[in-house]
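Note sheet for the following structure.
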Amino acid sequence: MLMDRGNLTESEVRNLATIVDGRTDPEALEYLKSIVDAARLTIVSEDKKAPLTKRQRDVLILRALGFSRAKIARHLHIEESTVKNHCSMIYTRLGVNNDVEAIRIARQLGILE
């Protein structure tokens, strides 16, 4: 994602330069994380359709409640491999890499309460 320099403050540019130069500090990392999160939310919210299917929402809700993939499969009467596929699609649609990130983004989007 390219950003117009005119939209960034001097402090923001310094934070990004610090990260790029390998001299990361907690404040700079937190700022970069907020940019990435905002970009993910923008990408997902620009999708005119619901970002997740009903079944994907069901799986994500159960994961948020602490259900294992095996327990979700039993609860929804589907194969565990199907649960794994739903999780992969959830990650793709939300632009994340794991359940923790998916749950956080889904809450920010209002998919999970």
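Of note:
- In a fully extended conformation the segment linking S34 and K71 would gain 10.0 nm over its present Cα-Cα distance, using 0.36 nm per residue.
- Between V100 and E113, the contour length at 0.36 nm per residue exceeds the alpha carbon distance by 3.2 nm.
- Contour excess over end-to-end distance, with Cα ends at R55 and Y91 and 0.36 nm allotted per residue: 11.6 nm
- Couplings for the range 72-82, taken from phi via the Karplus curve 6.51 cos²θ - 1.76 cosθ + 1.60 with θ = phi - 60°, read 4, 4, 5, 5, 9, 6, 9, 6, 4, 5, 5 Hz in order; Gly and Pro are left as x.
Throughout, read-outs are computed from the coordinates displayed, never taken from laboratory work. Bear in mind the structure is a predicted one, so any value in this text is a computation, not a measurement.
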